[in-house]
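Everything below concerns the one structure shown next.
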Amino acid sequence: MTTKPPAKRACESYVEMTQIVLPSHSNSLGTAFGGQVMAWIDICAGIAAMRHAREITVTASMDDLHFLAPIRTGEVVILKAQVNRAFGASLEVGVRVEAENPLTGERRHCSSAYLTFVALDKEGRKVPVPPLIPETEDEIRRYEEAAERRRVRLERRKAPRNVVSNRHGPVEPSA
């Protein structure tokens, strides 16, 4: 049986990374592809998850991803991630995305998301992650809110999903 790792402070998982939006990251409107932003979010959150778990972590879900403002070609993207809460072998990571005009320094909030990661050993079996110690008011708030988000996620997993319909009827996602 695997022993439970010692608790870790939330701030130990903090990650801040930057990217510049190049033409290859952009659509015909000169703004970043949503899928590119999602990939950067996943990478940033994955680093935070691994910093906390000190194990291999894989993305289990991304939810509540909202694009609030476009990110233009030439702007700098700042991604900030931190573990919000740990649940046995899984953890929730919150990510905030900002765009910065590199000429003026002006920043704006462009996107936010919550991701769930699962810690795995080298054979692909789930392993426990350290419990999280929230210290600041914001960390405590995010810690408490994460429990409700997890409850909703678990409920949502039980619901039947018809994600695509065609002329033959609903197409069920594979399990």
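Summary table
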{"read-out": "Every residue from segment 25-76 that is hydrophobic (A, V, I, L, M, F, W, C), within 17 Å of the chain's Cα centre (by Cα) and part of a strand (DSSP E or B)", "value": "ILE56, VAL58, ALA60, MET62, LEU65, PHE67"}
{"read-out": "Qualifying residue in segment 165-172 (condition: surrounded by 11 or more Cβ atoms within 10 Å (Cβ to Cβ), at pLDDT below 95 and part of a strand (DSSP E or B))", "value": "yes"}
{"read-out": "Scan of segment 41-55 for residues that are surrounded by 20 or more Cβ atoms within 10 Å (Cβ to Cβ) and out of contact with any Phe, Trp or Tyr (no Cβ under 8 Å at 6 or more places or on another chain), ordered by number", "value": "ILE41, CYS44, HIS52, GLU55"}
{"read-out": "Odd one out for CYS110 among (1) part of a strand (DSSP E or B); (2) hydrophobic (A, V, I, L, M, F, W, C); (3) under 14 Å from the mean Cα position of the chain (by Cα)", "value": "(3)"}
{"read-out": "Of all residues making up segment 129-160, the number that are crowded, with 18+ Cβ neighbours inside 10 Å, within 18 Å of ARG9 (Cβ to Cβ) and not aliphatic (A, V, I, L, M)", "value": "5"}
{"read-out": "Flag if ALA7 is of a type in the set (A, V, I, L, M, F, W, C), touching a residue at least 12 places away in the same chain (Cβ under 8 Å), loosely packed, with under 14 Cβ neighbours inside 10 Å and within 15 Å of GLU100 (Cβ to Cβ)", "value": "no"}
{"read-out": "Search result, residues across segment 1-24 that are more than 21 Å from MET62 (Cα to Cα) and part of a loop (DSSP other than H, G, I, E, B)", "value": "MET1, THR2, THR3, LYS4, PRO5, PRO6, ALA7, VAL21, LEU22"}
{"read-out": "Candidates THR31, THR18, THR73, THR104, filtered to the one that is over 26 Å from GLU148 (Cα atoms), touching a His at 6+ places or on another chain (Cβ under 8 Å) and at pLDDT 95 or above", "value": "THR73"}
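The values are calculated or read from the model by the stated rules, or taken from the named source; none is laboratory data. Just so you know, these numbers come straight off a predicted model, no measurement behind them. In this analysis, Cβ positions are derived from the backbone assuming ideal geometry, glycine residues included, and neighbour counts consider all displayed protein chains.
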